[in-house]
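Here's the structure, in structure tokens; my notes come after.
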Amino acid sequence: METWDQAGERGFKVDFLPAERRIGRMRRITRDQLRRWDLMLLTDDATLVVSELVTNAVKHGEGQPVRLKVLHSAYELRIEVTDGTSTPARLRSAGMADENGRGLLLVASVAKEWGVSTDGTMTWCSLAIPGGRS
């Protein structure tokens, strides 16, 4: 894990090979870093987003290495997950009995905004920091 704190922005990134066991580890790393940044109010939403975006990258990334990057500015927490494939993540309609297909809907419901990079390799979202503190 690489961390930084420069010019009003803090962050960390973790590169890893796709494996389902990594999903829980990425949630724990995120939760621990939010505690260090005194952003515990965002823990539930941020770990949900990390879980959903990393799960998508592991399942649909065609075996490509995955990167989780979390940036913290004075007003928002930005979470980015890159999987190296050009197939962009997209919202899906899941039926009542479907076990999958709700991940990005959950992300969209808690995020201030979300999107996909123009090349389709990275999905991101931002969460507002309560009170806009650094």
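The values are calculated or read from the model by the stated rules, or taken from the named source; none is laboratory data. Please read these numbers as outputs of a predicted model, since none were measured by experiment. Cβ placement follows ideal geometry from the backbone for every residue including glycine, while neighbour counts extend to all protein chains displayed. Heads up: the accessible areas ignore ligands, DNA and RNA and are worked out on the full protein's heavy atoms, side chains in. Shrake-Rupley method; radii C 1.70, N 1.55, O 1.52, S 1.80 Å.
Using a probe radius of 1.4 Å on heavy atoms only, what accessible surface per residue do you get for region 29-93? Whole Å² is fine. If you can, show how the numbers build up before the last one.
Working: 3250 Å² over 65 residues.
The answer is 50 Å² per residue.
Go through 70-80, 33-43 and give me the packing order, highest mean Cβ count within 10 Å leading.
Values: 70-80: 18.8, 33-43: 14.8.
My ranking of the peptides, most packed first, is 70-80, 33-43.
May I ask you to give the percent of accessible area on region 1-57 that is carbon plus sulfur, with a probe radius of 1.4 Å? Mind showing how you got there, number by number?
Working: 1300 of 3210 Å².
After summing per-atom areas, the C and S share lands at 40 percent.
How much space per residue, in cubic angstrom, does the convex hull of the C-alpha atoms of region 1-85 take up? Walk me through the numbers before you get to the answer.
On the way: hull volume 7.1 nm³, N = 85.
Hull volume over Cα atoms, normalised by residue count, gives 83 Å³.
Along the three principal axes, how long is region 29-75 when you take its alpha carbons, biggest first, rounded to the nearest angstrom?
For region 29-75, the Cα extents along the three principal axes come out at 36, 18, 17 Å.
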